[in-house]
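Written below as C-alpha cells is the structure these notes are about.
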Amino acid sequence: MTNEFVLEAITREFPETVISSSEPYGMLTIEIKKADIKKVIHYLKDSSLEINFLTDVCGIHYPEFPEKEIGVIYHLQNMVANFRLRLKIFMSRENIEVDSLTELYAGANWMERETFDFYGIKFKGHPDLRPILNMEDLGYHPMLKEYRLEDGTRTDKDDAMFGR
C-alpha cells in the first residue's frame with residue numbers, strides 16, 4: 001500500500017472532500033472538509049484499505065488564520081501493512097464542533113475528551129464529553145494560544161540575559 005494508492009482511493013470515493021495533500025517525512029497527510037470526516041474515516045476502516053487503528057486524535061490552534069483557527073488531527077494506521085495516515089480538518093472559532101468517532105473506535109473516547117479539555121472542540125455524539133485531565137471548574141482551555149507566554153510584570157528577570 002502506497003501514499004499514492006490511498007490518496008487516489010479517497011479522492012475517487014469522495015471527489016469533493018480532499019482540500020490538499022502532502023507527504024511530510026513520508027507520511028500521507030490529507031486536509032479534508034470537516035463535514036466529511038466521519039464518512040471518510042468510516043470508509044478507510046471498512047474498505048479494503050483496512051485502516052483499522054486510530055492512533056491519536058489531537059487539536060491545534062492557529063490564531064493567525066481566522067477561517068482555519070482550530071484544527072483536529074487524526075492519525076490512523078493499517079497495522080498489517082504498517083501504513084500510517086494523517087487527516088486534518090479545520091474550522092473557525094464560531095463553529096468549533098465535529099462528529100465524534102466513538103461509534104467507530106472505542107479508543108476515540110478518551111482522545112476526544114482530552115482534545116475537548118485542552119482546546120474546547122466539541123465532539124457531536126460523544127457519550128461523555130467532559131474534562132479528563134484538567135479540573136472541571138478550570139474555566140478555559142489551556143492549549144489555546146490566548147495568553148502571553150511570559151508575565152510582563154516580572155521584575156526579577158533581565159531580558160538581556162536571554163538575548164532579547
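Return the pairs, sorted by first residue and then second, in which the second residue is surrounded by 15 or more Cβ atoms within 10 Å (Cβ to Cβ) and not in a loop (DSSP other than H, G, I, E, B), the first residue lies in region 36-64 and is at positive phi, the beta carbons are less than 8 Å apart, and the residues are 6+ apart or on different chains.
Listed by first residue and then by second, the contacts come to GLU50/ASN78.
Out of contact with any Ser or Thr (no Cβ under 6 Å at 6 or more places or on another chain), surrounded by 19 or more Cβ atoms within 10 Å (Cβ to Cβ) and over 20 Å from GLY125 (Cβ atoms) - does that describe any residue in region 92-111?
Checking region 92-111: not a single residue is out of contact with any Ser or Thr (no Cβ under 6 Å at 6 or more places or on another chain), surrounded by 19 or more Cβ atoms within 10 Å (Cβ to Cβ) and over 20 Å from GLY125 (Cβ atoms).
Name, by its number, the condition in (1) closer than 22 Å to ARG113 by Cα; (2) among the charged types (D, E, K, R); (3) not in a strand (DSSP E or B) that does not hold for GLU67.
(1)
The conditions are (1) outside any strand (DSSP E or B); (2) touching a strand residue (DSSP E or B) at 6+ places or on another chain (Cβ under 6 Å), and VAL80 fails exactly one of them. Which is it?
It fails just one condition, (2).
Residue-by-condition table, conditions (1) in contact (Cβ under 8 Å) with a residue 12 or more places away in the chain; (2) hydrophobic (A, V, I, L, M, F, W, C):
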{"site": "THR102", "(1), (2)": "yes, no"}
{"site": "MET111", "(1), (2)": "yes, yes"}
{"site": "THR115", "(1), (2)": "yes, no"}
{"site": "TYR119", "(1), (2)": "yes, no"}
{"site": "LYS145", "(1), (2)": "yes, no"}
{"site": "ASP156", "(1), (2)": "no, no"}
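From the residues in region 34-58 that are farther than 19 Å from GLU112 by Cβ and open to solvent by 20 Å² or more (accessible area, probe 1.4 Å), which one is farthest from the chain's Cα centre (by Cα)? Step through it out loud before you land on a result.
The first filter runs over region 34-58 and keeps only residues farther than 19 Å from GLU112 by Cβ, leaving 43, 46-50.
Restricting the remaining residues to those that are open to solvent by 20 Å² or more (accessible area, probe 1.4 Å) gives 43, 46-48, 50.
On the way: TYR43: 18, ASP46: 21, SER47: 22, SER48: 24, GLU50: 21 Å.
Top of the filtered list is SER48.
Which one of these is more than 20 Å from PRO127 (Cβ to Cβ) and either of a type in the set (Val, Ile, Thr) or touching a Pro at 6+ places or on another chain (Cβ under 9 Å) (or both): ILE19, ILE37, ILE41?
Values: ILE37 fails: more than 20 Å from PRO127 (Cβ to Cβ); ILE41 fails: more than 20 Å from PRO127 (Cβ to Cβ).
Going through ILE19, ILE37, ILE41 in turn, just one is more than 20 Å from PRO127 (Cβ to Cβ) and either of a type in the set (Val, Ile, Thr) or touching a Pro at 6+ places or on another chain (Cβ under 9 Å) (or both): ILE19.
When you scan region 26-45, do you find a residue that is part of a loop (DSSP other than H, G, I, E, B) and basic (Lys, Arg), even just one? Reasoning before the result, please.
Pass one, region 26-45, residues part of a loop (DSSP other than H, G, I, E, B): 27, 33.
This time we only want the ones that are basic (Lys, Arg), so: 33.
Yes.
The values are calculated or read from the model by the stated rules, or taken from the named source; none is laboratory data. Only a predicted model underlies this, so the values are computations on that prediction, with no experimental measurement involved. Every residue, glycine among them, receives a Cβ derived from its backbone with ideal geometry; neighbour counts consider all protein chains shown. Side chains are part of the model used for accessible areas, which takes the heavy atoms of the whole protein and leaves out ligands, DNA and RNA. Shrake-Rupley method; radii C 1.70, N 1.55, O 1.52, S 1.80 Å.
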